[in-house]
Amino acid sequence: MRTVLLTATGLAVALMLMFAIAFVTGISMAVPGVVAVESVVTGPPSASMTVGPGLLLVAVVLAVLIEVPGRLRARRALAAQRTAPQPCGAGR
């Protein structure tokens with residue numbers, strides 16, 4: 001659940017930042033197949049955003065980048081516990 005929340009937050013911030021830059025500067029931007037932001041500079045300023053199917057792939061990659069380091073860290077910690085020297089019991 002944490003990974004999904006972090007992924008959604010990251011994508012939302014990136015898309016809103018892209019939208020804000022397009023709205024303020026009047027520059028149209030696009031990542032083919034993922035997202036396109038078109039600005040209208042004639043008349044009242046406005047911008048529109050179109051999201052493509054590539055955004056799903058971006059979300060999956062971002063989720064993997066968030067999840068993998070934690071899993072590797074947990075695996076290393078478990079491996080370190082298994083290989084740690086056992087007490088010999090001399091203090092009993």
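The values are calculated or read from the model by the stated rules, or taken from the named source; none is laboratory data. The model shown is predicted, which means the values in this text are computed figures rather than measured ones. Neighbour counts run over all protein chains shown; Cβ positions are idealised from the backbone, glycine included. Side chains are part of the model used for accessible areas, which takes the heavy atoms of the whole protein and leaves out ligands, DNA and RNA. Shrake-Rupley method; radii C 1.70, N 1.55, O 1.52, S 1.80 Å.
Test of understanding: among LEU17, LEU65, LEU57, LEU6, which residue is touching a residue at least 60 places away in the same chain (Cβ under 8 Å) and open to solvent by 60 Å² or more (accessible area, probe 1.4 Å)? None of the others qualify; the one that does is LEU6. Taking the criterion of being open to solvent by 60 Å² or more (accessible area, probe 1.4 Å) and of a type outside the set (D, E, K, R), the residues of the range 27-42 that qualify are ILE27, SER28, ALA30, VAL31, PRO32, VAL40, VAL41, THR42. When VAL41, VAL60 are checked against the criterion of being over 16 Å from the mean Cα position of the chain (by Cα) and among the hydrophobic types (A, V, I, L, M, F, W, C), VAL41 stands alone in meeting it.
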